[in-house]
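The values are calculated or read from the model by the stated rules, or taken from the named source; none is laboratory data. These figures come from a predicted structure and were not determined experimentally. FYI the Cβ positions are ideal-geometry reconstructions off the backbone, even for glycines, and counts take in every protein chain you see. Quick note on the areas: whole protein, heavy atoms, side chains included, nothing else; ligands and nucleic acids left out. Shrake-Rupley method; radii C 1.70, N 1.55, O 1.52, S 1.80 Å.
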Amino acid sequence: MKIHINDPLDENALKKLQKELPNVEITSEHFEKDVLKDKIKEIDVLIVRSATKVTREILEHADKLKIIGRAGMGLDNIDVDTAKSKGITVLNTPGQNSLSVAELVIGMVLDIYRHITIGTIGLKNEQWEKKQLKGLELSEKTFGIIGFGYVGKNLAKLLKGFQTNTLVFDVVNISTDELKHYNVRQVSLEELLQNSDVISLHIPKNEKTYHFISEPQIQMMKDGAVIINAARGGVLDENAVLKYLKNGKLLGVGLDVFEEEPPKGDLYKELFALPNVVATPHIGASTKEAQERVGINIVDRVVEEIRKLN
Ligand SMILES: O=C(O)[C@H](O)COP(=O)(O)O
């Protein structure tokens, strides 16, 4: 049996995998698409993060593959239908990195409200912009969370500390107990868009959620609204965002994910040149703690699945 890890896995998780399966060949190296297409023929278990796209083309060459372990939550980088049709089990690690994503969202909002990045850039260029950088408090603002899964819930928990009026939109009905526990109110998408000062997306990317927030939805928002996307590139229409940042309707936008990753081209050049855009390179889950939890969890799940096979 051969296990291949195509994206960096936490060191302790790797050690655990080696200890649990001492007689199994384990390799860890990032292969780009064309190399992976060839190497996959010899692989029984493939472990990836979001950087590896496990496409139909790759899976067509996967003659021995039995398990795909996604060290993370999103499965949009894996052709799950093709995998299933070939009898390949797909495992992921729901909830293990959600707290880190939620913390990044808070960081982005505070950065936009308090001009942390702009102030830093100014000082690095010997500018003392004390008068220009008057900000806003997050406390007691209305915060709209779109999607109340693991990240949405962690975010609501953190927001309790800011005593925000937290609105939630989700297609699933949230129980009264949960609403009370997280101190949130479930509302329609329209109500959330019209009333929120900050709107953060926490939905997966699929055919139903492509450009979930686009021009008509932004037009419904309050003047001076802030949008954060740390979910998936493609759920937010970046061209619409650029338009409404430029005309001043949006106060700011925080982006950790992009429709094209890494982001290239004129749209992104224009977006990143705006002072009210805070952007990070898909690092929502990239903390020591989250990667340790994700790594250990995927190792446990993969080992359990391998033992079932034997
Ligand atoms: O889906 C996820 O779990 C997050 O987007 C993080 O993914 P990554 O850490 O593999 O990039």
Expected field for residue 73, accessible surface area in Å² at 1.4 Å probe radius, rounded to 10, holds 90
Sorting 4, 115 by accessible area (1.4 Å probe), largest first, what list results? 115, 4
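Using 0.36 nm per residue, how much length does the chain from residue 129 to residue 90 gain when fully extended, once their Cα-Cα distance is taken away? Intermediate values should be presented prior to the final figure.
Values: separation 39, 0.36 × 39 = 14.04 nm, distance 5.12 nm.
Extra length available between residue 129 and residue 90 comes to 8.9 nm.
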Skip the ligands, DNA and RNA, and give the accessible area per residue of the chain with a 1.4 Å probe, whole Å². 51
Stretchable slack from residue 61 to residue 208, in nm (0.36 nm times residue separation minus alpha-carbon distance): 50.0 nm
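At a Förster radius of 35 Å, what calculated FRET efficiency corresponds to the Cβ-Cβ distance of residue 269 and residue 219, to the nearest 0.05?
0.90
Rounded to a whole number, what % of the accessible area of the range 95-277 do carbon and sulfur atoms account for, probe 1.4 Å?
Details: 4750 of 9350 Å².
Percent of accessible area from carbon and sulfur atoms in the range 95-277: 51.
I need the peptides 189-201, 83-95 ranked by packing, meaning the mean over residues of other C-beta atoms within 10 angstrom, with the highest value on top. Write down the numbers at each step before the final one.
Values: 189-201: 20.9, 83-95: 15.8.
Per-residue Cβ counts within 10 Å, averaged per peptide and sorted highest first, yield 189-201, 83-95.
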Probe 1.4 Å, all chains present, heavy atoms only: residue 143 accessible area in Å², nearest 10, is 0
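So, R0 is 41 Å and r is the distance between the beta-carbons of residue 305 and residue 157; what FRET efficiency does that work out to, to 0.05? Before the final figure, lay out each step's value.
Details: r = 31 Å, r/R0 = 0.76.
The formula returns an efficiency of 0.85 here.
Roughly speaking, what % of Cα-Cα pairs in the chain are separated by over 25 Å, rounded to a whole number? Display every interim value, and only then the final one.
Details: 25784 of 47895 pairs.
Everything past 25 Å amounts to 54 percent.
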Whenever you get a sec, line up 61, 30 from highest to lowest accessible area (probe 1.4 Å, protein heavy atoms). 30, 61
Flagged as over-length at 23 Å C-alpha distance, from 134/180; 205/288; 134/288; 39/308; 37/84, the pairs are 134/180; 205/288; 134/288; 39/308
Go ahead and set up a Gaussian network model of the chain, Cα springs under 10 Å, then flag whichever of 229, 23, 183 fluctuates most. 23
Mind pulling the per residue volume of the convex hull built on the Cα atoms of the range 95-277? Å³ is fine. 125
Using a Gaussian network model of the chain whose springs link C-alpha atoms within less than 10 Å, name the residue from 215, 292, 29 with the highest mean-square fluctuation. 29
For residue 210, the accessible surface traced by a 1.4 Å probe with all protein chains present amounts, in square angstrom to the nearest 10, to 120
Can you find, among 174, 142, 244, the residue sitting farthest towards the positive end of the charge dipole of the range 95-277, where Lys and Arg contribute +1 and Asp and Glu -1 at Cβ? 142
Let me check I have the definition right: for the range 170-310, take the eigenvalues of the Cα gyration tensor, multiply each by 5, take square roots. What are those semi-axes in whole Å, largest first? 31, 22, 14
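Considering only protein heavy atoms, with the full assembly of protein chains and a 1.4 angstrom probe, order 129, 32, 238 by accessible area, largest first. Display every interim value, and only then the final one.
Working: 129 50, 32 120, 238 10 Å².
From most exposed to least exposed: 32, 129, 238.
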Find how many whole Å separate the alpha carbon centroid of the range 1-69 from the alpha carbon centroid of the range 136-191. 38
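Using a 1.4 Å probe on the protein chains only, how many percent of the accessible area of the range 1-73 belongs to carbon and sulfur?
Details: 1750 of 3750 Å².
Summing carbon and sulfur atoms, their accessible area is 47 percent of the total for the range 1-73.
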Test of understanding: in a Gaussian network model of the chain with alpha carbons linked when under 10 Å, which of 264, 33, 246 would top the mean-square fluctuation ranking? 264
